[in-house]
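The values are calculated or read from the model by the stated rules, or taken from the named source; none is laboratory data. A quick note: this is a predicted structure, and the numbers were derived from the prediction, not measured. We place every Cβ from the backbone using ideal geometry, glycine too, and count neighbours over all the protein chains shown.
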């Protein structure tokens with residue numbers, strides 16, 4: 001149950017913080033938000049395969065994805 005709560009909170013925060021508006025007023029996901037979503041999916045999947053907490057894996061993966069371009073700019077595009 002606690003994992004579901006973590007995932008729900010992460011998705012809510014992701015949804016609120018992930019959008020930006022372009023010059024025409026259209027909303028789109030920022031590159032950081034896209035990487036965070038992919039990182040969350042990979043982290044949750046890796047945690048499930050290794051019998052660890054899926055919520056923790058998703059949170060750690062999302063953080064790693066969002067910060068990838070700040071830590072290792074050669075690996076992640078902006």
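For the stretch 14-38, give me each residue that is modelled with pLDDT under 70 and part of a helix (DSSP H, G or I). Correct list: 14, 15, 16, 17. Across the stretch 47-74, the number of residues qualifying as surrounded by 15 or more Cβ atoms within 10 Å (Cβ to Cβ), out of contact with any helix residue (DSSP H, G or I) (no Cβ under 6 Å at 6 or more places or on another chain) and without any contact (Cβ under 8 Å) to a residue 40 or more places away in the chain comes to 3.
For the stretch 50-78, residues that are more than 15 Å from the chain's Cα centre (by Cα) and either at pLDDT 85 or above or farther than 17 Å from residue 34 by Cα (or both) total 5.
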